[in-house]
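The values are calculated or read from the model by the stated rules, or taken from the named source; none is laboratory data. Every value quoted in this text rests on a predicted model; they were computed, and no experiment measured them. Glycine gets a Cβ as well: all are built from the backbone with ideal geometry, and neighbour counts include every protein chain shown. Quick note on the areas: whole protein, heavy atoms, side chains included, nothing else; ligands and nucleic acids left out. Shrake-Rupley method; radii C 1.70, N 1.55, O 1.52, S 1.80 Å.
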Amino acid sequence: MIGMQRKWVAHLFLILGVVVTAFPLYLAFIASTHDAATIGRGRMPLLPGHYGVDNYEQAWSVGSGERVNGTPVRITMWNSFLMALAIVVGKVVVSALTAYAVVYFRFPLRDFFFWLIFITLMLPLEVRIIPTYKVVSDLRLINTFTGLTLPLMVSATGTLLFRQVFLTIPRELLEAAKVDGAGPLRCLWSVVLPVSTPGMAALSVILFLYGWNQYLWPLLITTDRKLDTVAIGLARMLGNAEGLMDWNVVMAATILTSTIPTGVVIFMHRWLVQGLIEVSK
Amino acid sequence: MTKVSAVFPNKVLPYLLVTPQLTLTIIFFIWPSLQALYQSFTASDPFGVKTRFVGLKNFRDIFTDPYYWHSVRLSFVFALQVSLFVMAVALLLAFMAKNPLRGATVYKVFLLWPYALAPVTTAILWVFMFQPSIGIVATVLRYMGLTWNHTLHGGQALLLLILASVWKQIGYNFVFFLAALHSVPKSFLEAAAVDGASSSQIFTRILFPLASPTTFFLLVMNVIFSFFDTFGIIDTLTKGGPAKATETMCYRLFVDGFKSFLINRSAAQSAVLMLFVMILTALQFRFLQHRVHYE
């Protein structure tokens, strides 16, 4: 056989990779099961302690302690969940409609619209941040859920992905539906979208993580703690990362808020990988 | 664009279909970007009451500021170090995982794990290991006679930032390299083996050249990641410090705009970054077209 590198060498390297990847998370988990004093002593244990339940309880429902001041994780996780969900639904709907128009209709300015949307790829939030903030503030959307999610619902990637997917659908399928008397919207709903489910699922997984992990936008748009997202809540808790603080609670919050992305990777890694590769085409 | 005939003859419906996307794009992308460009050529007081055209003054201001050049140099050095480091590790791991292995999925899931986590989470995990007084790595280093304090030493802060960024991006690069290595035709490898090529020869002469479009693609993606997506990591880990040691272009733009309220200066920096992203995107696009051409 070709490329007969010894199997154990391959396993060795990959296991090393996994250890490096997992160690920071393992350490966070260990820290989340000890008390603050043990961690503050500067001799980090490598095996779990007995304070896990207390720490997670505190992170989940209080979010603050003697030397930590944050937002309860149950609030930040709920906010991030809603935010991610809104972004997924919004982006999928908005970009599917656009791609449908671009692929199946011919109309004046079609290419112009397409390029206008394509250009947004070149304008990350970071480069237009102040004027975008101003727009949202002029629309009186600061500290609102709409302000948090609506501006993130546009994406060229979604549109490009749907366009790719739609282009691979045989035209005969639609012609047949038309002969049966289906109109354009009927065709979208009953023919095009069902065939595009795998692409849509892959896109949704990526968008969900994107929404769940948002930081800069919520940092600017929300000051109200009730709207704190996961990332904002964690950053608030961490503060200046002093040696003497309730690291146990911070780490419990870190682990709790990581469960959702972790679950996504474990149970949907196939879609995640497919989505990453599809989006790049 | 593909030139196939329309499936539906409707004249008004397509406009309705693109309206949501177009409205949001114009309000939240195009208009603010034009605003940023406009602001980069004007000067206004902090309250935005009076505005006047000043030509290239804002650009002159930033380009004569040594600290701005520092942030430019830093951004490129940082991006290049992260990209090369992460790609070397990911390519090695992908090469190891290329043949069918037991537990391949488990490896993949573990390596992708950090990719799915928030940048802030990444920063917290790494700051916890390197916290000068309680961090486990800092403690070990102290026993070895090395003083670690990234809140005082700029070089250490940058190193920490690089490590955290690399850790986060390995999985993403791994997935693409693995796909590229899998797409190499088996017949090439068999022919090489028949000719007696060693495993390292196969790698350098066949696999790596054939994976080079992926390498280029990943380089661009890693540079974009390092420039823009590291904001959360920087803001949580170092806040651009100590003494601007980790103040990348993006972070500086944020500080000038939202902390110092130098709106016009910040806008000029936006314009520079916009130009940079445009060049990157154009490169990417041209290159991908070439790739399609060859396939």
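What helices (runs of 4 or more DSSP H) completely inside the stretch B:186-269 contain at least 1 residues that are over 26 Å from the mean Cα position of the chain (by Cα) and over 29 Å from residue B:164 (Cβ atoms)? Walk me through how you get there before you give the answer.
Numbers: elements: B:186-194, B:212-224, B:231-237, B:249-254.
Fully inside the stretch B:186-269 and qualifying: B:186-194.
In the stretch A:98-107 there is at least one residue that is crowded, with 23+ Cβ neighbours inside 10 Å and of a type in the set (Gly, Ala, Ser). Of all residues in the stretch B:134-148, those being open to solvent by less than 40 Å² (accessible area, probe 1.4 Å), in a loop (DSSP other than H, G, I, E, B) and hydrophobic (A, V, I, L, M, F, W, C) number 2. Whether any residue in the stretch B:35-42 is in a helix (DSSP H, G or I), within 8 Å of another protein chain (Cβ to nearest Cβ), open to solvent by less than 70 Å² (accessible area, probe 1.4 Å) and of a type in the set (A, V, I, L, M, F, W, C) is what I want to check. Yes, the stretch B:35-42 has at least one match. When residues in the stretch A:165-190 are screened for being crowded, with 16+ Cβ neighbours inside 10 Å and more than 17 Å from residue B:9 (Cα to Cα), 2 of them pass. In the stretch A:198-209, the residues that are over 15 Å from residue A:164 (Cβ atoms) reach residues that are open to solvent by 30 Å² or more (accessible area, probe 1.4 Å) and hydroxyl-bearing (Ser, Thr, Tyr) with C-beta atoms within less than 9 angstrom, at least six apart or across chains, in these pairs: A:207/A:157; A:209/B:115. Can you pull out the residues in the stretch B:149-168 that are closer than 15 Å to residue B:230 by Cβ and open to solvent by 40 Å² or more (accessible area, probe 1.4 Å)? Scanning the stretch B:149-168 gives B:159, B:163.
If the condition is being open to solvent by 50 Å² or more (accessible area, probe 1.4 Å) and either among the polar types (S, T, N, Q) or touching a residue at least 24 places away in the same chain (Cβ under 8 Å) (or both), then the stretch B:11-28 contributes B:19, B:23. When the stretch A:245-281 is filtered for residues that are under 20 Å from residue B:126 (Cβ atoms), touching a helix residue (DSSP H, G or I) at 6+ places or on another chain (Cβ under 6 Å) and of a type in the set (A, V, I, L, M), the ones remaining, listed by number, are A:249, A:250, A:251, A:252, A:253, A:255, A:256, A:265. Taken over the stretch A:65-81, the criterion of being buried (at least 16 other Cβ atoms within 10 Å of the Cβ) and either within 22 Å of the chain's Cα centre (by Cα) or among the β-branched types (Val, Ile, Thr) (or both) is satisfied by A:68, A:70, A:71, A:72, A:73, A:75, A:76, A:77, A:79, A:80, A:81.
In the stretch A:4-27, the residues that are closer than 23 Å to residue B:202 by Cβ reach residues that are among the small types (Gly, Ala, Ser) and open to solvent by 40 Å² or more (accessible area, probe 1.4 Å) with C-beta atoms within less than 7 angstrom, at least six apart or across chains, in these pairs: A:5/B:199.
Show me the helices (runs of 4 or more DSSP H) found entirely inside the stretch A:166-281 where at least 1 residues are touching a strand residue (DSSP E or B) at 6+ places or on another chain (Cβ under 6 Å).
Values: elements: A:171-179, A:184-187, A:197-212, A:216-221, A:230-238, A:247-279.
Hits in the stretch A:166-281: A:184-187, A:230-238, A:247-279.
Screening the candidates B:280, B:262 for the property of being within 30 Å of residue B:43 (Cβ to Cβ), surrounded by fewer than 23 Cβ atoms within 10 Å (Cβ to Cβ) and in contact with an Asp or Glu (Cβ under 7 Å, 6 or more places away or on another chain) yields one hit, B:262.
Among the residues making up the stretch A:134-163, a single one is open to solvent by 70 Å² or more (accessible area, probe 1.4 Å) and under 22 Å from the mean Cα position of the chain (by Cα): A:145. Against the list (1) farther than 24 Å from residue A:259 by Cα; (2) in a helix (DSSP H, G or I); (3) out of contact with any helix residue (DSSP H, G or I) (no Cβ under 7 Å at 6 or more places or on another chain), the condition residue B:71 fails is (3). For the condition surrounded by fewer than 17 Cβ atoms within 10 Å (Cβ to Cβ), basic (Lys, Arg), part of a helix (DSSP H, G or I) and away from chain A (no Cβ under 14 Å), residue B:60 qualifies. With respect to (1) open to solvent by 30 Å² or more (accessible area, probe 1.4 Å); (2) closer than 18 Å to residue A:226 by Cα, the lone exception for residue A:37 is condition (2). Pairing residues of the stretch A:36-48 that are facing chain B (nearest Cβ under 7 Å) with residues that are surrounded by fewer than 17 Cβ atoms within 10 Å (Cβ to Cβ) and not polar (S, T, N, Q), at Cβ distances under 6 Å and at least 6 apart in sequence or on separate chains, gives A:40/A:244. Within the stretch B:258-283, the set of residues being of a type outside the set (Val, Ile, Thr) and free of Cβ contacts under 8 Å to residues at least 12 places away in the same chain comprises B:258, B:259, B:260, B:262, B:275, B:278, B:282. Residues in the stretch A:124-133 that are within 18 Å of the chain's Cα centre (by Cα) and over 14 Å from residue B:27 (Cα atoms): A:124, A:126. Checked against (1) facing chain A (nearest Cβ under 7 Å); (2) free of Cβ contacts under 8 Å to residues at least 12 places away in the same chain, residue B:144 passes all but condition (1).
Any residue that is open to solvent by less than 50 Å² (accessible area, probe 1.4 Å) and among the hydroxyl-bearing types (Ser, Thr, Tyr) - is there at least one of those in the stretch B:169-176? Full working, then the answer.
Of the stretch B:169-176, the ones open to solvent by less than 50 Å² (accessible area, probe 1.4 Å) are B:169-176.
Those left that are additionally among the hydroxyl-bearing types (Ser, Thr, Tyr): B:172.
Yes, the conditions are met somewhere in the stretch B:169-176.
From the list B:101, B:80, B:159, B:125, the one residue that fits, being under 24 Å from the mean Cα position of the chain (by Cα) and within 14 Å of chain A (Cβ to nearest Cβ), is B:125.
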